[in-house]
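Peer 1: Once you've had a glance at the structure underneath, I'll fire off some questions.
The values are calculated or read from the model by the stated rules, or taken from the named source; none is laboratory data. All of these numbers come straight from a predicted model, not from anything done at the bench. Every residue, glycine as well, gets a Cβ built from its backbone with ideal geometry; the counts of neighbours run over all protein chains shown. When the accessible area is computed, the model is the full protein with side chains, heavy atoms only, and any ligands, DNA or RNA have been set aside. Shrake-Rupley method; radii C 1.70, N 1.55, O 1.52, S 1.80 Å.
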Amino acid sequence: MGLEGPEELEQLAFKKINEGKIKDGLKLILRAARGYEKEERKEDAARLYKYLGFVLREKAGLIEKARPFLLKSAYLYIDLIEEEITRLEVDIDTLDGYCSNVLEIFLTLKDERNLRKYAEEFAAIYEDLGKSYQDNDDISMAIRAYESAYRYYEITDDIESYKRIAETLIALYGQAAEERLKKGDSRGAAEAFYKLASFIRAIFGYDIHFIEMMDTAGKNFEKASKVAYSNGDLDETTTCLVKAQYAYLLAKNYNRSKLIGINTIRMLYQIISSHRSRGDDEKAAEKLVELAEALIGVRKIEEAMQAYKSALEIKSDLCFRVKIRLAILKQFAASKGDENILEEVEKVEYYASKKNYMKALELAENTLQKMSELEEIRNMLYEAEGIYQ
């Protein structure tokens, strides 16, 4: 075909796949993956071997044919992890991407032994990184590393280890909250208190310790909204108010949550109208999603789904889908005092914070599907998204 490099092969492969010529496309994907591997471009090779394995397994049902490609991908990612951790400056987001790919592959292959083995190894790598950042007084990087260690220890069901990491994160988030309060950064402090509450829940459950810390987060979000309002920043004002509404909701401070929700809804209608009149559709869409969140918080589900549908008509965004599912799950967790749902919410928020909206959406959707009590809301959500059951 006169094609030289793997890039051209990959480009042609996806062209064939998009044209419906799946078999021809996959053959080219394999050639491109081998080409990348020959050129020592491990990340590109790993990506294509994984894609090939997933298509063979999920779309064609060829489980045994998919296995060697998925394993090839996993071990290339493991090589990349080893290379990354020997660097002078480790990129923990890149590292996290490699680790997540390895675990996703072993989970897909139902290889419990390797899933646990590598989750433990990755947790230990991130715990060491966290200690190193902590020793250098880099609190924000230490927090990011320890949070990854916490998630990996969770996969292994190593309760002792993930509670130990949770205690470390409580101390670090406490330190971060204090520093931000000293600087007059109410929103930054509120975000830290919100995260602090999550790790307190991991140790004590959905009890008074969690409730008090979440209430503190709510107060600081509310304070941040007043600062934003005094600066004439109405967009930031409503963002902080919706965060306050949900922090108070999770703190079971229902009256405060409802009052803030009702006032925020009024403000949002005016702000959306203002953005639309200026022709700023993208900002209007963001605020429509915020309006939907505020409405879910006060249980006005039908109105919420109308606002959400309007947002999607302007801009279809995975982030929006994650936010609305989180609002539904938080509202339900707060009303039931359900710690298990809250645990799932925290996992979704972790991936959303890393902008891995695909993974966040998958986790949120799985949790939503398990809740028979949410069937009616779920159907309304799908209708707003144009998915009819």
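Peer 1: Take the Cα atoms of segment 282-329, build their convex hull, and give its volume per residue in Å³.
Peer 2: Values: hull volume 2.5 nm³, N = 48.
In segment 282-329, the Cα hull volume divided by residue count equals 51 Å³.
Peer 1: Given a 1.4 Å probe, how much area per residue of segment 1-89 is accessible, in Å²? Could the numbers behind the result be given before it?
Peer 2: Values: 5520 Å² over 89 residues.
Result: 62 Å² per residue.
Peer 1: With the other protein chains left in place, how much accessible area per residue, in square angstrom, belongs to segment 247-328 at a 1.4 angstrom probe? Intermediate values should be presented prior to the final figure.
Peer 2: Working: 3750 Å² over 82 residues.
That works out to 46 Å² for each residue.
Peer 1: Once the Cα gyration tensor of segment 222-374 is diagonalised, what are the square roots of 5 times its eigenvalues, in whole Å and ordered largest first, as equivalent ellipsoid semi-axes? Let's see the in-between values first.
Peer 2: Numbers: eigenvalues 115, 70, 39 Å².
Semi-axes from the Cα gyration tensor: 24, 19, 14 Å.
Peer 1: Something else: What's the angle, to the nearest 10 degrees (0 to 90), between helix 318-336's Cα axis and the longest principal axis of the chain?
Peer 2: Approximately 50 degrees, to the nearest 10.
Peer 1: Same structure, new question: Using only the alpha-carbon atoms, what does the chain span along each of its principal axes? Please give whole angstrom values in decreasing order.
Peer 2: 65, 49, 40
Peer 1: Among the lysines, which fall within straight-line cross-link reach of Lys330, defined as a Cα-Cα distance under 17 Å, with same-chain neighbours fewer than 8 residues apart omitted?
Peer 2: Cross-link targets: Lys195, Lys243, Lys252, Lys258, Lys300, Lys347, Lys370.
Peer 1: Mind checking the angle between helix 6-18 and the chain's longest principal axis? C-alpha axes, 0 to 90 degrees, to the nearest 10.
Peer 2: Long axis of 6-18 versus the principal axis of the chain: about 70 degrees.
Peer 1: Which FRET efficiency value, to the nearest 0.05, is calculated for Glu160 and Lys183 with the Förster distance at 45 angstrom and r the Cβ-Cβ distance?
Peer 2: Numbers: r = 36 Å, r/R0 = 0.79.
Working from the Cβ atoms, E equals 0.80.
Peer 1: Taking the simple approach of a point 7 Å from Cα along Cα-to-Cβ for both Asp79 and Lys15, what is their distance in nm?
Peer 2: 2.9 nm
Peer 1: Also, quick follow-up: Measure off 7 Å from each Cα along the Cα-to-Cβ vector at Asn136 and Asn114, then give the distance between these two points in nanometres to one decimal.
Peer 2: For Asn136 paired with Asn114, the spin-label model returns 3.3 nm.
Peer 1: Calculate I(q)/I(0) for segment 303-389 by the Debye formula, one identical point scatterer on each C-alpha and no solvent, and give its log10 at q = 0.18, 0.19, 0.23 Å⁻¹ to two decimals.
Peer 2: Results for segment 303-389 at q = 0.18, 0.19, 0.23 Å⁻¹ read -0.76, -0.85, -1.20.
Peer 1: Between Arg278 and Thr86, what length comes free when the chain is fully extended (0.36 nm per residue of separation minus the Cα-Cα distance, one decimal in nm)?
Peer 2: 64.0 nm
Peer 1: Round to a whole angstrom and tell me the spacing of the C-alpha centers of segment 158-237 and segment 300-366.
Peer 2: 20 Å
Peer 1: Give me the percent of accessible area attributable to carbon and sulfur for the chain, probe 1.4 angstrom. Before the final figure, lay out each step's value.
Peer 2: Values: 9220 of 19250 Å².
Carbon plus sulfur share of accessible area: 48 percent.
Peer 1: On to the next question. Per-residue counts of other Cβ atoms within 10 Å, averaged by peptide: what ranking do you get for 244-251, 79-86, 378-385, highest first? If you can, show how the numbers build up before the last one.
Peer 2: Numbers: 244-251: 26.5, 79-86: 14.6, 378-385: 17.2.
In descending order of packing, they fall as 244-251, 378-385, 79-86.
Peer 1: Based on the mean of other beta carbon atoms within 10 Å per residue, what is the order of 191-201, 108-118, most packed first? Don't jump to the answer; show the numbers that get you there.
Peer 2: Details: 191-201: 24.1, 108-118: 15.3.
Ranked from most to least packed, the peptides come out as 191-201, 108-118.
Peer 1: Mind listing P(r) for segment 1-89? All alpha-carbon pairs, 5 Å bins, whole percents.
Peer 2: Calculated P(r), rounded to whole percents: 3, 15, 23, 22, 18, 10, 5, 3, 1, 0.
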